Amino acid sequence: MARTAFASVRAMSDSPSDTATATTARAHPRFAQALADLGLTVDVRQFPEATRTAAEAAAAIGCDLAQIVKSLIFAADGEPVLVLMDGASRVDLERVRAELGAKEVGRADAATVRETTGYAIGGVPPFGHRTPTRVLADRGILEHGTVWAAAGTPHTVFPLDPPSLIAYAQGSVVDVRERTS
């Protein structure tokens, strides 16, 4: 099992403590600021090995693959949209297209992801992005008591209950996962 470092990220006060400074250093600075702005406290785990993929993250954390939340950027008629999907499922582009009423939907390239979110692929959190985007959260995320998402880097993740994660992301709950036969 991978070694982890635990950190509690707390909102900064008028007199930030050494603890707050040390713990926010584990999350990407933009994401740490988003947490502070929301007044949200989460435990950020940092791993020496990357957790860029859902499988890597689940293995490092020791949770089910479906408890990982992937934050995926798509382009819908040229406009970025964030889809939150559980780690065991795939996004059905046709269902996203229909949900958005778009003509075309496709995966965004790495440059668009970084420009839109401020984060690199593999570390995109569900909120705290550079540019506000529409957020679709697949209903399957709600099947778990706790889910894990990236904290802004390929080495950091945090847990949160699904309804709160979706609310902080300002997401709409939809059904956009590929159906299995």
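The values are calculated or read from the model by the stated rules, or taken from the named source; none is laboratory data. Keep in mind the model is a prediction, meaning the values are calculated, not measured. We place every Cβ from the backbone using ideal geometry, glycine too, and count neighbours over all the protein chains shown. Side chains are part of the model used for accessible areas, which takes the heavy atoms of the whole protein and leaves out ligands, DNA and RNA. Shrake-Rupley method; radii C 1.70, N 1.55, O 1.52, S 1.80 Å.
Residues that are open to solvent by less than 10 Å² (accessible area, probe 1.4 Å) and part of a loop (DSSP other than H, G, I, E, B) within the stretch 130-181 comprise Ala151, Gly152, Val176, listed in sequence order.
Taking the condition more than 17 Å from Leu165 (Cα to Cα) and either under 16 Å from the mean Cα position of the chain (by Cα) or of a type in the set (A, V, I, L, M) (or both), does Arg45 pass? No; evaluated as a whole, the condition is false for this residue. Look at (1) within 13 Å of the chain's Cα centre (by Cα); (2) modelled with pLDDT of 95 or more and you find that Pro154 fails only one, number (2).
Contact map, the stretch 47-60: first residue free of Cβ contacts under 8 Å to residues at least 24 places away in the same chain, second residue open to solvent by less than 10 Å² (accessible area, probe 1.4 Å) and among the hydrophobic types (A, V, I, L, M, F, W, C), Cβ cut-off under 9 Å, separation 6 or more or different chains; pairs are Glu56/Phe47. Considering the stretch 35-62, and only residues there that are more than 17 Å from Ala120 (Cα to Cα) and among the β-branched types (Val, Ile, Thr), the residue that is most open to solvent (accessible area, probe 1.4 Å) turns out to be Thr41.
Test Val124 against the stated conditions and say whether it is in a strand (DSSP E or B), under 21 Å from His28 (Cα atoms) and of a type in the set (A, V, I, L, M). Taking the combined requirement at face value, the residue does not satisfy it. Scanning the stretch 145-158 for residues that are in contact with a strand residue (DSSP E or B) (Cβ under 8 Å, 6 or more places away or on another chain) and more than 17 Å from His28 (Cβ to Cβ) yields a count of 2. The set of residues in the stretch 21-34 being at pLDDT 90 or above and under 29 Å from Arg90 (Cβ atoms) consists of Arg30, Phe31, Ala34. Within the stretch 125-133, the presence of at least one residue that is among the basic types (Lys, Arg) and within 15 Å of the chain's Cα centre (by Cα) is confirmed.
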